[in-house]
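The values are calculated or read from the model by the stated rules, or taken from the named source; none is laboratory data. Worth saying up front: this structure is predicted, and the values here are computed from it rather than measured. For neighbour counting, all protein chains shown are included, and Cβ atoms are generated from backbone atoms with ideal geometry for every residue, glycine included. We work out accessible area using only protein heavy atoms, side chains counted, and drop any ligands, DNA or RNA first. Shrake-Rupley method; radii C 1.70, N 1.55, O 1.52, S 1.80 Å.
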Amino acid sequence: MLSRLGPCFPCRRRRAEEHSSERGDHLLSGTTMRNETDGVKQNCLLSVFSFCCTPEAPTSNPAATDGHPPPTEQEEPPNESLAYEQTLEKKLFCEAGRLLIAREERLFGEIQEPEAPTGHQAEVTELADCRRVLLDLVLQTLRLSLDPGEAGAAAALASAVKAVEQEEAQDRLWDQRGRKPPVWRPCAWKEVHDSTLRGLVEERMDNPSTPPSAVQAGQSSVQVDVCAMGRQMKEDLLQVASVVRSCYPPETNICHLYIQAYHRTFSARLRKIADFGLEDKDCTFLLRWVNEYYPLVLQKPQMAGEMDVAALGKLLPEELLKPLEDQYLSRREEELTTFGGRILEDAKDKWNKGEEPTREDGCFVSPVSYDIIQLINEMVTSAEKVVGDLQKAQTITRQLKGIMHRFKIFQSDVIMQNKASSRPVVKAHLGCIEQFRDFLNTKRNLFTEEVGKDCLLVLTDMKLSAQAYLLKPVHEVLKPEYRKLGTSGWLNKNLFNRLLGGIEEELQGLQGSIGSCHQELLGKLHQEVTVEYVRRLLKGAKLKNEEQQAKACNTVRDNAESLYKLFLKMGSEDVWLKDILTKIAEVLRLQDLPAIQIQVASLGADHPDLSEKQLSALLKLKTNLSKADRRTVTDVLSVTREEWSTAGGRGAARAFFSEVRVK
């Protein structure tokens, strides 16, 4: 046997000695691997397959030939060694691995002894060296799999993957045999494969490619580094999805492996960055990558369905995220307060200079509400993306109540100083108040419930204050006409027309608010005039008989209709105010006690704020009603109010009589 190995063994021993000191580095060698393995691939493997496939050399012992005739001196080795070399040159790693496994089976597959015969040791050593060469080439192919491939790169990768699978299958086969395997079994190429890919990911994230055009002016070093890693990760994952995935069996789920590796590596790099104190700009940038940009990369159509993105978790743990979020949200809250204050200060400066608000379609308008609404909407929306949580983003609006209070103080100053430009400013504010209310009601998701309620209360106070300021001069002009209501002259003469004329004249001065606000202001005036009308009527002249009561009924009805038509012409459609006067008129007309009770019950049901004191004053106008009759009617009101309260109240019930003061 030794004489048969003589021609090739020295060569093998010499090559083994030449690279024995480097053999431990073969598994993880990088760019130098190709130079180290080329010679071995060309020489040692040819020798292995030369002696393993060549018939035995002639010897002096005929038994050594096992009865087979010795080959002639001119006989050439078969083409198996040439085929093996060609598989490596063509990067057919799967086929090369199959040849090595076949040789392994010839050497070990049929041997039952625990130790391989020592006569085979040279072949075993040679085969082990060739396996290292193949593994080096496979790993080299894996390391190049994320680079834009040349022609045939995908096929080479697919062959390398199959070679790994073959080795795993051979490991399992040896495990089933129940006897001592070759020294390289189990080889665990799958573990080497996975660790190689994880190492590749770490290397690429540590040294990402950054084209000069990708670096934007003004970016900090943190932003440049994070952008470079993120860009590298995105490009590599797209390469995995478009090319690498097709080189693996579906059950391998190679995308899952890469995504986990990049997630783990990217997370580790960001943790190091987050451990240091960051400026506000870098803090925001890092949070956006964690909560916005990174999820978008994993949700690319090419990556869809490869794994549960939520199961990966955040790139940063909660203990690192919370300080960053607190820093960001605190800064945004300060900015909202600052910018909102500037908007109000600009409006106040213009008013101090005597400037009137601008007009649009004949109406005074102010930019205050629009600017603040845009500011809030943009800040909360962007904050939700940055921190990835709407409830956390809502916290930046905590100071909105303070901004509304400053707006209220500004309006109070405008009203108190009562400058020439005060009325136009207040009319413009009515539009702002309406826009703020609509915003708070339709965009409730941007605020906490407490902030929304507090701001709406402030706005309600502002609206009532503005309306009172604009309507006060109107009532002062109409006061002389109010005094005539309910008197004997009002009943006998047509004095109400003068009141209507005064109202129509004053209505011209109320114009200037935007349409809906002007209509609401007219409705407010309509209600206040009706309240004053009822108040004067309840303390008016007594109606001594049925004729006077009928006349008073007709007068009240006519006045209600005239008042309604006037305000309807000007834009108010509050017909319910006319109905109140009509029902009061019916109480004055009716003489039958049960009929009066029915009418009072209807009036009390529609307006639960009608008090017994007010009803008593109305009934006292009918001097032909006894005290006992009045008591009977007021008892009906008590029952009606109790029923209304038991039923939980009516949502449509409007307050009216609560504004009517009766002594």
Within the range 150-204: Cβ-based charge dipole about Cα centre, in debye rounded to nearest 20 (Lys, Arg +1; Asp, Glu -1):
380 debye
Percentage relative contact order, the range 509-631, counting C-alpha pairs under 8 Å, at least six apart:
33 percent
Mean accessible surface per residue for the range 476-597, computed with a 1.4 Å probe while every protein chain stays in place, in Å²:
45 Å²
Could you tell me the relative contact order of the range 322-447? Use alpha-carbon pairs under 8 Å, at least six residues apart, and round to a whole percent.
37 percent
The range 157-273: relative contact order as a whole-number percent, Cα under 8 Å and 6+ apart
30 percent
What whole-number value in Å² describes the accessible area per residue of the range 148-275 for a 1.4 Å probe?
49 Å²
If we sort 330-343, 382-395 on the protection proxy, mean other Cβ atoms within 10 Å, highest first, what's the order?
382-395, 330-343
Percent accessible area from carbon and sulfur atoms, the range 264-328, protein chains only, probe 1.4 Å
55 percent
Per residue, how large is the accessible surface of the range 337-394? Use a 1.4 angstrom probe and give square angstrom.
55 Å²
Taking a virtual spin label 7 Å from the Cα of residue 190 along the C-beta vector, which residues in the range 255-287 bring their backbone nitrogen under 20 Å of it?
255-261
Ignoring any ligand, DNA or RNA, what whole percent of the accessible area of the range 511-625 comes from carbon and sulfur when the probe is 1.4 angstrom?
48 percent
HN-Hα J couplings of the range 584-594 from phi, Karplus 6.51/-1.76/1.60, θ = phi - 60°, integer Hz, Gly and Pro as x?
5, 4, 5, 4, 5, 7, 5, 10, 7, 4, x
Hey, if you put +1 on the Cβ of every Lys and Arg and -1 on every Asp and Glu Cβ in the range 381-429, which of 416, 404, 393 ends up farthest toward the positive end of that dipole?
416
Whole-Hz Karplus couplings 3J(HN,Hα) for the range 546-553, θ = phi - 60° and coefficients 6.51, -1.76, 1.60, Gly and Pro as x, run 5, 5, 5, 5, 5, 5, 5, 4
Using the per-residue mean of other Cβ atoms lying within 10 Å as a proxy for protection, in what order, highest first, do the peptides 315-324, 601-610, 570-579 fall?
601-610, 570-579, 315-324
Filter the cross-link list 551/583; 472/663; 162/234; 419/569; 350/427; 401/463 down to pairs whose alpha-carbon distance in this structure exceeds 19 Å.
472/663; 162/234; 419/569
